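Below is one structure, written out as structure tokens; the observations come after it.
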Amino acid sequence: RYVFTIVSYLIGVFIFATIVGQVGNVITNRNANRLEFERLLDGAKTYMRHHKVPGGMKRRVLRWYDYSWSRGRIQGGGDINTALGLLPDKLKTELALHVNLSVLKKVTIFQECQPEFLHDLVLKMKAYIFTPGDMICRKGEVAREMFIIADGILEVLSETGKVLTTMKAGDFFGEIGILNLDGLNK
């Protein structure tokens, strides 16, 4: 009788400890997901503030994030391209057009293009942030992307490190590689 009572008691304590541990894990994971979501949301807010997105569009984007979070559709994490990629296509299109259309219109090769083409192109654009000293590409590398400078200054260096030219907002490079002129893409 005493042995049965002790064994029953130990089994009960073990089951209780397991349940409490599982509840603790659920709470911890939920808090971690919420922190990741808030980090993602802060990134989207910073992006919109930097690009001077109008208040109405900002509210719509934030409302969408809140709604999606409350329905369990967003788990958080990712860079700005991932964060904005979560938006519905229509809202993503409006936001991308607002932010990037003015950048494209500064580029000489796109100034005479049809608005529909520019709209399609805007949706294919990705944002990259480079810090001072970052090497974007080297001479002879295969060009897979065209870069448009939206903000900041870029220096083109010779193999010896001498500054050949300086590029600024609206300047671009890599277009020959993606157009594949004369079969070359370097």
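The values are calculated or read from the model by the stated rules, or taken from the named source; none is laboratory data. Everything numeric in this text was worked out from a predicted model, so none of it was measured. Ideal geometry is used to build each Cβ from the backbone, glycine not excepted, and the neighbour counts take in all protein chains shown.
Say we look at segment 146-165 and pick out the residues that are in contact with a Phe, Trp or Tyr (Cβ under 9 Å, 6 or more places away or on another chain) and in a loop (DSSP other than H, G, I, E, B); which of these is surrounded by the fewest Cβ atoms within 10 Å (Cβ to Cβ)? Among those that are in contact with a Phe, Trp or Tyr (Cβ under 9 Å, 6 or more places away or on another chain) and in a loop (DSSP other than H, G, I, E, B), it is Gly152.
Looking for something assigned to a loop (DSSP other than H, G, I, E, B) and at pLDDT 70 or above - is there at least one such residue anywhere in segment 54-74? Spell out how you get there, then give the answer.
Just the residues of segment 54-74 that are assigned to a loop (DSSP other than H, G, I, E, B), to begin with: 54, 71-74.
Cutting the leftovers down to at pLDDT 70 or above gives us 54.
Checked against the condition, which is being assigned to a loop (DSSP other than H, G, I, E, B) and at pLDDT 70 or above, segment 54-74 yields at least one hit.
Taking Tyr47, is it among the aromatic types (Phe, Trp, Tyr), within 28 Å of Phe130 (Cα to Cα) and at pLDDT 80 or above? So Tyr47 fits the description; yes.
Every residue, every condition in (1) in a helix (DSSP H, G or I); (2) of a type outside the set (A, V, I, L, M, F, W, C); (3) modelled with pLDDT of 80 or more; (4) surrounded by 11 or more Cβ atoms within 10 Å (Cβ to Cβ), yes or no:
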site	(1), (2), (3), (4)
Asn81	yes, yes, no, yes
Leu84	yes, no, no, yes
Leu95	yes, no, yes, yes
Phe117	yes, no, yes, yes
Ile129	no, no, no, no
Asp134	no, yes, yes, no
Lys139	no, yes, yes, no
Ala143	no, no, no, yes
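Anything in segment 97-115 that is assigned to a loop (DSSP other than H, G, I, E, B) and free of Cβ contacts under 8 Å to residues at least 40 places away in the same chain? List them, or say none. Of everything in segment 97-115, those that are assigned to a loop (DSSP other than H, G, I, E, B) and free of Cβ contacts under 8 Å to residues at least 40 places away in the same chain turn out to be Gln111, Glu112, Cys113, Gln114.
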